[in-house]
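Worksheet for the structure shown next.
The values are calculated or read from the model by the stated rules, or taken from the named source; none is laboratory data. No experiment lies behind these values; they were computed from the predicted model shown. Cβ coordinates were reconstructed from backbone atoms using ideal geometry, including for glycine residues, and neighbour counts include every protein chain displayed. Areas reflect the complete protein model, heavy atoms only, side chains present, ligands, DNA and RNA absent. Shrake-Rupley method; radii C 1.70, N 1.55, O 1.52, S 1.80 Å.
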Amino acid sequence: MSDEHASSPAPHAGAITDVSGIEVGHFSDTRRPTGCTVILAREGAVAGVDVRGAAPGTRETDLLAPGNFVQQVHAVMLAGGSAWGLAAADGAMQWLEEHGIGFDVRFGRLPIVPAAVLFDLPVGDARIRPDAATGYAACAAASTAAPAEGNVGAGSGALVGKLFGVHRAMKGGIGTASITVNGVTVGALIACNALGDVLDPDTAQVVAGARTEDGRALLDTRRALLRGDLPQPLLAGTNTTLGVIATDAVLSKVQANRLAAVAHDGLARAINPVHTMSDGDTLFALATGRVPREGDAPGMTVLGTMAAEVVARATLRAVRAARTVRIGESYFPCAADLG
């Protein structure tokens with residue numbers, strides 16, 4: 001197994017950790033490309049979620065519905081390993097409990113840790129996947145520093161452009177971005193393992209995705225489908241883009257859910273096709289409430305615009321920061337190597 005040729009991503013576009021109260025930690029497995037990423041909110045954050053893909057793998061998402069009791073969460077776990085990877089959230093709960101983080105339920109501190117997983121099993125030995133120990137390690141590594149991007153954490157084994165076969169896919173990854181408007185910051189962290197291609201949202205040009213049959217150039221999946229090229233049969237749930245949007249604005253649970261919903265517009269700008277029957281696309285929204293909404297602070301329309309923008313930028317960065325991977329006869333080039 002080898003990672004080759006670090007790409008040259010665009011100048012840094014900020015990070016989700018620019019949001020006050022947010023920390024990020026990765027665990028990347030050295031035995032094969034897989035791992036997990038935790039987004040910590042030690043003091044709690046109002047949370048929402050929006051699931052658009054048809055094949056999600058999630059945990060604790062029902063409690064984020066506006067009518068349900070729990071108002072805040074303490075972490076979100078993103079992991080590879082398909083449904084097995086949900087076990088990483090157990091490790092996060094253990095770490096948070098040990099550090100006294102969670103709701104006081106008389107008998108102990110109960111951390112709330114929603115989670116979502118992506119399918120990275122084609123990359124190396126599928127028997128190796130995130131578990132409780134890796135989730136614990138990700139929490140131990142968490143900090144307010146700008147998180148690493150590309151082939152790390154939940155993006156370690158991510159691929160993009162698989163509609164015409166995994167052998168024609170390219171390396172995906174994890175990326176982050178942030179924007180500040182009138183003192184309020186919105187950031188995103190996106191693990192991109194999409195079935196479709198990733199585009200530059202400013203130019204609509206394909207940056208990474210399905211390759212031509214000889215593997216030397218980008219195919220452009222959208223145009224291939226529209227001219228009648230037939231995709232390969234797909235196993236449901238073998239893709240998925242996951243992400244967390246965070247803001248230091250004060251939001252209600254209803255507003256956090258709305259922010260997660262609008263943020264999917266960013267995925268639609270950067271991935272084509274998106275939200276397919278074989279993707280489990282899931283976005284969480286966290287509001288730490290560190291900046292009061294008063295005076296000229298952005299309202300929901302501006303916050304939604306910011307959220308969609310940082311999601312699109314973070315998705316693009318996920319593939320621009322990725323590195324080429326070779327495992328045995330499998331070869332997944334990165335955007336820089338094919339470009």
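Pick from 71, 255, 205: which residue has the top mean-square fluctuation in a GNM of the chain where Cα pairs under 10 Å get a spring? Ranking 71, 255, 205 by mean-square fluctuation puts 205 first. In the chain, the DSSP beta bridges split such that about 85 percent are antiparallel, to the nearest 5.
Tell me the relative contact order for the stretch 1-151 as a rounded percent, counting alpha carbon contacts under 8 Å between residues six or more apart. Taking the mean separation of contacting Cα pairs over the length of the stretch 1-151, I get 33 percent. Expressed as a whole percent, the accessible area of the chain that falls on carbon and sulfur atoms is 51 (1.4 Å probe). Listed peptides 82-93, 101-112 appear in the order 82-93, 101-112 once ranked by packing, highest mean of other Cβ atoms within 10 Å at the front.
Taking each DSSP H run with n ≥ 4 as -39500 (n - 2.57) and averaging over every residue of the chain yields -6000 deg cm²/dmol at 222 nm.
Take each of the peptides 134-140, 32-38, 300-306, average the number of other beta-carbon atoms within 10 Å over its residues, and list them starting from the highest.
32-38, 134-140, 300-306
For the stretch 139-298, averaging the sequence separation of C-alpha pairs within contact (under 8 Å, six or more residues apart) and dividing by the residue count gives a relative contact order of 24 percent.
Compared with the alpha-carbon gap, the fully stretched path from residue 103 to residue 214 is longer by 34.4 nm at 0.36 nm per residue.
With r as the distance between the Cβ atoms of residue 180 and residue 331 and R0 = 45 Å, compute the FRET efficiency 1/(1 + (r/R0)^6) and round to 0.05. Approximately 0.65, to the nearest 0.05.
Each principal axis of the Cα atoms in the stretch 86-208 has its own extent, and those three values, largest first, are 54, 48, 21 angstrom.
Solvent exposure of the chain amounts to 38 Å² per residue of accessible area, where only protein heavy atoms count and the probe is 1.4 Å. Dividing the Cα radius of gyration of the stretch 28-94 by its Kirkwood radius returns 0.99 for Rg/Rh. For the stretch 72-113, the average shadow cast by the Cα convex hull is 3.0 nm², which is a quarter of the hull's surface. Based on the Cβ-Cβ distance of residue 30 and residue 94, what FRET efficiency does E = 1/(1 + (r/R0)^6) give at R0 = 30 Å, to the nearest 0.05? Computed FRET efficiency for residue 30 and residue 94 comes out at 0.85.
The listed peptides 283-296, 187-200, 315-328, ordered by packing as a protection proxy, come out as 187-200, 315-328, 283-296 (highest mean of other Cβ atoms within 10 Å first).
Computed from these coordinates, which is volume of the Cα convex hull per residue in Å³: (i) 119; (ii) 158; (iii) 135? Among (i) 119; (ii) 158; (iii) 135, the one derived from this structure is (i). With each label modelled as a point 7 angstrom along the Cα→C-beta vector, the residue 140-residue 110 pair spans 2.8 nm. Under the simplified labelling scheme, the residue 127-residue 69 pair shows an inter-label distance of 4.2 nm, with each label point 7 Å from Cα along Cα→Cβ. Can you say what percent of the DSSP beta bridges in the stretch 1-141, counting only those with both residues inside, are antiparallel? Round to 5. Expressed as a percentage, antiparallel bridges in the stretch 1-141 total about 85. Gain on full extension, evaluated as 0.36 nm per residue between residue 202 and residue 265 minus their Cα-Cα distance, stands at 21.3 nm.
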